[in-house]
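Following: one structure in structure tokens, then a few remarks.
FYI, it's all coordinate maths here, none of it is from the lab. Computed from a predicted model, the values in this text were never measured in an experiment. Here Cβ is always computed from backbone atoms with ideal geometry, including for glycine, and neighbour counts include all displayed protein chains.
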Amino acid sequence: MTHKKAPPGWATSPSRSLRAGSGGTCLADLDAASTPGFSGGKSEAASLLETRGRYLNELQEMLYANAVSGQGRSVLLVLQGMDTAGKGGIIRHVLGLVNPEGIDHAPFGVPTAEERQHHFLWRTYKALPRLGHIGVFDRSHYEDVLVARVHRLVPEAVWETRYGEINDFERQLANQGTVIVKVAMFVSLAEQKNRLLARLRDPEKNWKYDRKDVEERLLWPHYQEAYQAILDRTSTDVAPWHVVPCDHKWYSRLAVAELLIDALEGMELAWPTPIYDVDEEIARVMRS
Ligand code: AMP
Ligand code: MG
């Protein structure tokens with residue numbers, strides 16, 4: 001389904017090389033400072049991102065054009081990662097290259113009182129992207145098997161059944177024409193410390209610091225285990241996980257741009273044929 005040719009500047013396609021392996025991706029072995037498939041540095045990545053961003057924007061416009069003419073499909077980007085992994089940066093620097101009208105952004109925070117009265121997927125359904133749009137889940141339904149599991153917010157018997165429910169839900173979405181791009185973002189403990197300190201030392205970044213982040217940081221091994229479980233149990237053919245090393249923001253941003261481009265190319269979109277006669281309409285406009 002997806003195109004596997006390496007994009008410009010890459011030795012291997014990130015959609016292939018970052019994909020969570022069916023034989024198992026071991027998070028303990030992941031080097032968050034690595035840049036798999038890309039041998040360039042920061043400046044090459046930044047200029048490539050600009051060019052590829054224009055192409056991504058064009059592809060999204062085609063997705064929208066198809067929805068307008070009734071062939072409605074959509075793309076859903078799921079971003080999961082620990083604090084400071086760079087989810088916000090992906091939204092600003094990658095999705096920011098696309099016409100904002102084409103993006104449906106949905107952040108998932110602590111469930112509200114109303115949300116807690118429903119099944120965990122209730123708010124997920126409500127947040128799905130409109131046809132023709134790229135939806136972005138900034139955190140997602142996976143929090144219900146990550147934070148919920150680590151903090152024992154529900155009994156094990158409950159979170160244990162959620163993996164299957166998530167797989168069924170995503171399969172149903174895919175059958176309805178949504179292309180799902182799941183990105184698990186990994187920053188190293190050492191780099192997370194630097195980023196938290198940077199937020200504290202710069203008064204203009206203080207607002208980004210959350211005292212809770214330190215508590216989560218101390219639970220790192222438990223999160224690691226919970227992340228490993230989602231890779232092992234919810235990376236399916238229709239909705240595979242991609243594991244993105246995030247110590248270098250320039251790498252993770254370019255990689256996610258390429259994952260989105262690959263997903264859109266795989267949809268084999270074309271500009272829709274007008275439902276009117278173009279020459280006739282030119283004549284009408286001229287006469288008017
Ligand atoms: P942030 O993304 O930094 O704005 O933080 C959102 C917070 O909401 C994180 O601490 C998440 O773990 C938390 N959160 C998101 N979804 C859930 C959930 N289903 N249950 C409990 N906490 C959640
Ligand atoms: Mg936060």
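Per-residue extension of 0.36 nm, minus the Cα-Cα distance of LEU121 and ARG284, leaves a gain of 53.7 nm for this segment.
Residue order for ILE275, ILE180, ILE90, fewest other beta carbons within 10 angstrom first, comes to ILE275, ILE180, ILE90. Which one of ALA270, ALA32, ALA184 has the biggest mean-square fluctuation once the chain is modelled by GNM with Cα springs under 10 Å? Looking only at ALA270, ALA32, ALA184, the biggest GNM fluctuation is shown by ALA270. Compute the angle between helix 249-266 and the longest alpha-carbon principal axis of the chain, please, reported from 0 to 90 degrees and rounded to the nearest 10. For helix 249-266, the angle is close to 40 degrees. For ILE180, the amide hydrogen comes within under 5 Å of the amide hydrogens of LEU76, counting only partners 5 or more places away or on other chains and with H modelled in the peptide plane. Taking the helices alone, the chain has a mean residue ellipticity at 222 nm of -14000 deg cm²/dmol, built from -39,500 (n - 2.57) per DSSP H run of at least 4 residues and averaged over all its residues.
Treating the beta-carbon of each Lys and Arg as +1 and of each Asp and Glu as -1, no other charges, what is the dipole magnitude of the chain about its Cα centre, to the nearest 20 debye? If you can, show how the numbers build up before the last one.
On the way: 34 positive and 38 negative charges, 126 e Å.
The calculated dipole for the chain is roughly 600 debye.
For LYS193, a cut-off of 28 angstrom between C-alpha atoms picks up these lysines, skipping any fewer than 8 places away in its own chain: LYS42, LYS87, LYS182, LYS205, LYS208, LYS212, LYS249.
Sorted ascending by nearby beta carbons within 10 Å, beginning with the fewest, TYR209, TYR142 become TYR209, TYR142.
Site pair ARG92 and TRP207 shows an inter-label distance of 1.1 nm when each label is modelled 7 Å from Cα along Cα→Cβ. For the Cα atoms of the chain, what angle does the longest principal axis make with the long axis of helix 278-287, in degrees from 0 to 90, nearest 10? For helix 278-287, the angle is close to 70 degrees. Segment 66-116 and segment 208-277 have Cα centres separated by 11 Å. Please compute the modelled spin-label separation between ALA229 and ALA28, points set 7 Å along Cα→Cβ, answer in nm with one decimal. Going from the ALA28 label point to the ALA229 one covers 1.7 nm. Note on TYR55/ARG171: beta-carbon distance plugged into 1/(1 + (r/R0)^6) with R0 of 30 Å gives a FRET efficiency of 0.55.
Stretch GLU160-ASN194 to full length: gain in nm at 0.36 nm per residue minus the Cα-Cα span?
Numbers: separation 34, 0.36 × 34 = 12.24 nm, distance 3.43 nm.
Net length gain for the segment: 8.8 nm.
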